[in-house]
1. Using only helices, what value at 222 nm comes out for the chain when you add -39,500 (n - 2.57) per DSSP H run of length 4 or more and divide by the total residues, to the nearest 500 deg cm²/dmol?
2. Hey, with R₀ at 25 Å, roughly what FRET efficiency would ASN6 and THR49 work out to, going by the Cβ-Cβ distance, to 0.05?
3. Given a cut-off of 21 Å, what percent of all Cα-Cα pairs of the stretch 1-68 lie beyond it?
4. Could you put HIS28, HIS117 in order of accessible surface area, largest first, with the 1.4 Å probe and the full protein assembly present?
5. Need one number for the stretch 60-130: average projected area of the convex hull over its C-alpha atoms, nm².
6. May I have the pair-distance distribution P(r) for the chain, computed from all Cα-Cα distances with 10 Å bins from 0 and rounded to whole percent?
7. Pop a pseudo-label 7 angstrom from the Cα along the beta-carbon direction at both ALA96 and ASN18 and give the gap in nm to one decimal.
8. Within 15 Å, Cβ to Cβ, of GLU67, how many net charges do the neighbouring residues add up to if Lys/Arg are +1 and Asp/Glu are -1?
Amino acid sequence: MKINGNEIRPGMVLEYKNQLWRVAKISHTQPGKGGAYTQAELKDIVNGTKLNERFRSDEKVEKARLEPRDMQYLFNDGAAYSFMDTTTYEQIELSADFLEGLTEWLQESMEVKVLFHGEKPVTLEIPEKME
């Protein structure tokens, strides 16, 4: 699905330059001369490299099609975090680097959504409200 450059938000996953990128940070800029643009810091999902890119507000960019799966956080064994698919009971392990700062919010038996691109996990969504 194509979106305008001014619709980019942190946490989105974009297909850009034939790779999958997670938007880490953005800043909207409207200079006195010229058109408005969004400065985005992108992180490559596969190898972790970063890229700073400017997107004009009328420029189209491809938002990745992701399949959400309901999963339950099981435990952390020190090296990886284990999750179980609540429908198929398959388990996957995700590294702390993959979770990027979400590890402090995880609680055992917590229901989360893991977003997949094909069969590869891309990002994790935790509940908006927690106790």
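The values are calculated or read from the model by the stated rules, or taken from the named source; none is laboratory data. Since the model is a prediction, treat every value here as computed from it, not as a measurement. A quick note on method: Cβ atoms are made from the backbone with ideal geometry, for glycine too, and the neighbour counts reach across all protein chains shown. Please note that ligands, DNA and RNA were not included when accessible areas were found on the heavy atoms of the full protein model with its side chains. Shrake-Rupley method; radii C 1.70, N 1.55, O 1.52, S 1.80 Å.
1. Values: 1 runs with 4 residues, N = 131.
Using -39500 (n - 2.57) per qualifying helix, the result is -500 deg cm²/dmol.
2. On the way: r = 25 Å, r/R0 = 0.99.
That pair, ASN6 with THR49, gives E of 0.50.
3. Details: 455 of 2278 pairs.
Within the stretch 1-68, distances greater than 21 Å cover 20 percent of Cα pairs.
4. On the way: HIS28 105, HIS117 65 Å².
The ordering from most to least exposed comes out as HIS28, HIS117.
5. Details: hull surface 22.3 nm².
Hull-based average projected area comes out at 5.6 nm².
6. 12, 38, 30, 15, 4, 1
7. Inter-label distance under the simple model: 3.5 nm.
8. Numbers: positive: LYS63, ARG65, ARG69, LYS113, LYS120; negative: GLU15, ASP70, ASP85, GLU90, GLU119, GLU125.
Here the count lands on -1.
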